[in-house]
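Engineer: Encoded as structure tokens, here's the structure I'll be asking about.
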Number of protein chains: 4
Amino acid sequence: MENVKLAVIFYSMGGTNYQLAKWAAEGAKEIGAEVKVLKVEELAPESVIEANEGWKATVEATKDVPVATSEDLEWADAIIFSVPTRFGNIPSQMKQFLDIQGGLWASGKTVNKVVSGMTSAQNPHGGQEATLLSLYTSMMHWGAIIAAPGFTDPAVIGAGGNPYGTSVSVNQDGEMVEDVEAAVKHQAKRTVTVAEWVKKGNQ
Amino acid sequence: MENVKLAVIFYSMGGTNYQLAKWAAEGAKEIGAEVKVLKVEELAPESVIEANEGWKATVEATKDVPVATSEDLEWADAIIFSVPTRFGNIPSQMKQFLDIQGGLWASGKTVNKVVSGMTSAQNPHGGQEATLLSLYTSMMHWGAIIAAPGFTDPAVIGAGGNPYGTSVSVNQDGEMVEDVEAAVKHQAKRTVTVAEWVKKGNQ
Amino acid sequence: MENVKLAVIFYSMGGTNYQLAKWAAEGAKEIGAEVKVLKVEELAPESVIEANEGWKATVEATKDVPVATSEDLEWADAIIFSVPTRFGNIPSQMKQFLDIQGGLWASGKTVNKVVSGMTSAQNPHGGQEATLLSLYTSMMHWGAIIAAPGFTDPAVIGAGGNPYGTSVSVNQDGEMVEDVEAAVKHQAKRTVTVAEWVKKGNQ
Amino acid sequence: MENVKLAVIFYSMGGTNYQLAKWAAEGAKEIGAEVKVLKVEELAPESVIEANEGWKATVEATKDVPVATSEDLEWADAIIFSVPTRFGNIPSQMKQFLDIQGGLWASGKTVNKVVSGMTSAQNPHGGQEATLLSLYTSMMHWGAIIAAPGFTDPAVIGAGGNPYGTSVSVNQDGEMVEDVEAAVKHQAKRTVTVAEWVKKGNQ
């Protein structure tokens, strides 16, 4: 394939969205994409993180993951965002990352990025749709091309049938309830494939 | 309680939303509300309905349910809408019912109705959030007061944790997957209770 | 260019969205697209239409415009929808058209259509954003690829800066308040161009 | 009136939303509400603010405004949020404030707050609807009661007819394009009035 560049950008407190990001990277690489897995800056004070075992463990597990930059966005042909839901919307950490891209946006460099999103929540209907729809609203401001999975593969149905992007429920112990790996990989491949079409066509 | 009048307005093809509507009516009556259960006009041709066993059965089962009118809306202090999702939005049958209320709306008679919504879908994430959010967008045009359930009762969590309104998944055989009866009744009581506050205060 | 097929599907009561549709068709043809301008079925009773001069005139003006069908959707590489807002959501007439595509959807034939939307309202903020976002939610169910205009051309800013799609305010006399012709044509060209990339890549 | 407590919580970079907040406070006080005007924490580094004249001036002008806390939310019967749009969604600064209310939310203390929102943008359709709808999605998670203005007063139409909340366009010089003062005051009175009904009824 055309050498498609994919940035998988996540925020993760309990590890779920980091795992989703890694699965997306695996899926994308299987069809030849060049992939960067990137996190966004934490906004919470260290003392709060220290007091939470799971959060602390995630910060430790992701300490070598590079922080996403405007240059990464410029580099990317495709972007997959992965975030937990916070009251039916993306977390402030990811919002902050989007908000500071005003310069990139004003220079037209966010245009025609092919994007999709993934999310997680404690409750099956606790923002798993709304969070992705909020993300896509912002992406339209960027002039991005939205390639949500729809029902383009049986894996989508198997993972709970979220046409806006793969989403997963997380139980009290921080474990994923549904097996969404196949859906994530399908979504990654679809996002990359559409990005390849756009990249080739747009040359 | 103050004599609160509740209109439960549904569209149902397979029977699920008729059942949700009846549970809502039961819940509301338990706390003394006066309730009308009402359907909206069908738009599908009879030949299509005849060819579908489940649909035909629902039409038969609801044949004595009155069709909702502008007068019913004017009469009501509270309204609960119940609809299946159609591509992440309310069905055209319910949209048609809303659309033809231009006269009522222009005369200010939709203002301060206390509303909430319920929905169903084949997939857990197949529009169970998005459909309710679309409904509420229209309700803001009406000047309605939105009293979504949030997480105001453990029954909400038990039913899948949809803060926007009770939602249920329906399997291939048309059966509800989750037990949402308690969540529906809680939602109905909450909607009626808020409507009672508004009615008393607004006198 | 690759022979891109565009369906411009509108609902119009006062003529505005028919005009937007025609401008979109012009823009698309300028870059070589094959275009069909199509209306959706009216749901209002004839007596209501007869009693409204502007509506009656629009029905008359569009009487030779073909009604959109599933075959048209299957034929199209790109689709532009144009509808007035009705309480912050698409009108029931268009929702009905979407809802009856269950067969097409189930056979996977809505996948990878490149789509965008246009709208109109009496008030600048009377649903000009919300209506388009509702449309796109449904399009994600279809597995469509969403190519909203974003801020990809100065004409978008000139027309009121709606990144979700061109929108226009309509005054009491049914006249458009802003000059959106250039924005519509830009949007049509962008939608067709992205569709060309997708079509070529997807062969 | 019953002693209704209103928190007007804003984020402002250029001064517009601080002004909207002050008008809301004035309107609410005219009908006897007890009002706190509160800002949320800035997330941007000081060096960035220093380099921007308008931003620096706003920080200076609001330096004595208290930062909103969980206690303020608990204290309030009604909340009006006022934020600029950032890519069709609330700014990260306000999102951060919402996100850190997990403790308050888990203890049920966000329930039955009566809320509405206000916003601003450079473009008439640059998120003036979408930003408010995103805010309300989060408010449903809180179990809040949403009292958007709808079209409950001619001032709403005069200000651009945004039924979701007052919104204003801001030109290149940071000046408001439309005169929205009356609409803001109406919205504040409506929010407080509904909160009074809820408070009285809920005793």
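The values are calculated or read from the model by the stated rules, or taken from the named source; none is laboratory data. Bear in mind the structure is a predicted one, so any value in this text is a computation, not a measurement. Glycine gets a Cβ as well: all are built from the backbone with ideal geometry, and neighbour counts include every protein chain shown.
Engineer: So, in the range D:71-116, how many residues would count as being within 27 Å of A:Ala106 (Cβ to Cβ) and β-branched (Val, Ile, Thr)?
Structural biologist: So the answer is 3.
Engineer: On the given criteria, is B:Ala106 closer than 23 Å to C:Thr131 by Cβ and surrounded by fewer than 21 Cβ atoms within 10 Å (Cβ to Cβ)?
Structural biologist: Taking the combined requirement at face value, the residue satisfies it.
Engineer: Here's something else I'd like to know. For residues in the range C:128-156 being in a helix (DSSP H, G or I) and among the hydrophobic types (A, V, I, L, M, F, W, C), which is farthest from the chain's Cα centre (by Cα)? Even if it seems obvious, please write down each step before you answer.
Structural biologist: Taking the range C:128-156 first, the residues in a helix (DSSP H, G or I) are C:130-141, C:154-156.
Next cut, among the hydrophobic types (A, V, I, L, M, F, W, C) only: C:130, C:132-133, C:135, C:139-140, C:155-156.
Working: C:Ala130: 15, C:Leu132: 10, C:Leu133: 13, C:Leu135: 10, C:Met139: 12, C:Met140: 16, C:Ala155: 18, C:Val156: 16 Å.
The qualifying residue farthest from the chain's Cα centre (by Cα) is C:Ala155.
Engineer: So A:Gly174 passes all but one of these: (1) modelled with pLDDT of 95 or more; (2) out of contact with any Leu (no Cβ under 6 Å at 6 or more places or on another chain). Which condition number does it fail?
Structural biologist: The number of the failed condition is (1).
Engineer: Could you check C:Phe81 against (1) away from chain D (no Cβ under 14 Å); (2) touching a Gly at 6+ places or on another chain (Cβ under 6 Å); (3) free of Cβ contacts under 8 Å to residues at least 24 places away in the same chain and say which number it fails?
Structural biologist: (3)
Engineer: Please specify each residue of the range A:9-25 satisfying the condition of being more than 16 Å from A:Ile79 (Cβ to Cβ) and of a type in the set (S, T, N, Q).
Structural biologist: Scanning the range A:9-25 gives A:Ser12, A:Thr16, A:Gln19.
Engineer: Of all residues in the range A:18-59, count the ones that are of a type in the set (A, V, I, L, M) and free of Cβ contacts under 8 Å to residues at least 60 places away in the same chain.
Structural biologist: The total comes to 11.
Table: residues versus (1) touching a residue at least 40 places away in the same chain (Cβ under 8 Å); (2) at positive phi; (3) surrounded by fewer than 21 Cβ atoms within 10 Å (Cβ to Cβ); (4) within 14 Å of chain C (Cβ to nearest Cβ).
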site: D:Glu129; (1), (2), (3), (4): no, no, no, yes
site: D:Asp153; (1), (2), (3), (4): no, no, yes, yes
site: D:Ala159; (1), (2), (3), (4): no, no, no, yes
site: D:Arg190; (1), (2), (3), (4): yes, no, no, no
site: D:Lys200; (1), (2), (3), (4): yes, no, yes, no
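Engineer: If a residue must be free of Cβ contacts under 8 Å to residues at least 40 places away in the same chain, crowded, with 21+ Cβ neighbours inside 10 Å and within 17 Å of D:Gln19 (Cα to Cα), how many such residues does the range D:161-188 contain?
Structural biologist: Number of matching residues: 1.
Engineer: Next question, about the same structure. Can you find even one residue in the range D:161-170 that is more than 11 Å from D:Ser116 (Cβ to Cβ), more than 9 Å from chain C (Cβ to nearest Cβ) and out of contact with any Asp or Glu (no Cβ under 9 Å at 6 or more places or on another chain)?
Structural biologist: Scanning the range D:161-170, I find at least one residue that is more than 11 Å from D:Ser116 (Cβ to Cβ), more than 9 Å from chain C (Cβ to nearest Cβ) and out of contact with any Asp or Glu (no Cβ under 9 Å at 6 or more places or on another chain), so the answer is yes.
Engineer: On to the next question. Among C:Pro149, C:Pro91, which is of a type outside the set (Asp, Glu) and within 14 Å of chain D (Cβ to nearest Cβ)?
Structural biologist: Answer to the selection: C:Pro149.
Engineer: Now for a separate question. Within the range D:112-128, is there a residue that is under 20 Å from D:Val156 (Cβ atoms) and touching a His at 6+ places or on another chain (Cβ under 6 Å)?
Structural biologist: yes
Engineer: So which of A:Lys199, A:Lys185, A:Lys113 is of a type in the set (Lys, Arg) and more than 18 Å from the chain's Cα centre (by Cα)?
Structural biologist: Working: A:Lys185 fails: more than 18 Å from the chain's Cα centre (by Cα); A:Lys113 fails: more than 18 Å from the chain's Cα centre (by Cα).
Only one candidate passes the filter, namely A:Lys199.
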